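The values are calculated or read from the model by the stated rules, or taken from the named source; none is laboratory data. Small disclaimer: the values here were computed from a predicted structure and weren't measured. Glycine also receives a Cβ, built like all others from the backbone with ideal geometry; neighbour counts cover every protein chain displayed. What goes into the accessible areas is simple: the full protein's heavy atoms, side chains included, and nothing from ligands, DNA or RNA. Shrake-Rupley method; radii C 1.70, N 1.55, O 1.52, S 1.80 Å.
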Amino acid sequence: MKSKTIPFIITCVLIAAHFLRDGNILMVLVSLIFPLLLLVKKKWVLILSQLFAYMGGGLWLGTTMQIANERIAFNEDWTRMAIILGTVTAFSIFSGFSLNHQKVTENYS
């Protein structure tokens, strides 16, 4: 089960880094504390954690589009950035799905 939660923990750290770059310390703390909720073995915690990971994917997708639009407006290259942030987006969504694995869900009532 622990190996199935590692992607979610990495996703939370990446989301915290995003908010740290924006200077939003409250959301940095929320993002770093969020994986600790997995210690509460309730079904709602698992669902909330999955939603957090999916919303993180949406956050990264929105950031990708915003930066791409800015770079296009200034006639700069944006493809490498889109590949990197697209990968982070996919990883965030994957981490939400990894929490749906049978080994994880059987531990939450």
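Worth a mention:
- In the context of the full set of protein chains, the chain has a per residue accessible area of 63 Å² (1.4 Å probe).
- In nm, spacing of pseudo-spin labels at residue 47 and residue 106 (7 Å Cα→C-beta vector): 2.3 nm
- Residue-wise HN-Hα coupling along the range 44-50, computed from phi with Karplus coefficients 6.51, -1.76, 1.60 (Hz; x: Gly, Pro): 5, 5, 5, 5, 4, 5, 4
- Residue-count net charge about residue 71 - beta-carbon cut-off 14 Å; Lys, Arg +1, Asp, Glu -1: -2
- Expected 222 nm ellipticity per residue - DSSP helices of 4 or more, -39500 (n - 2.57), all of the chain, to 500: -26000 deg cm²/dmol
- Accessible carbon and sulfur surface of the range 58-109 relative to its total accessible area, %, 1.4 Å: 62 percent
- Charges were assigned to the Cβ only: +1 to each Lys and Arg, -1 to each Asp and Glu. The resulting dipole of the chain about its Cα centre is roughly 560 debye.
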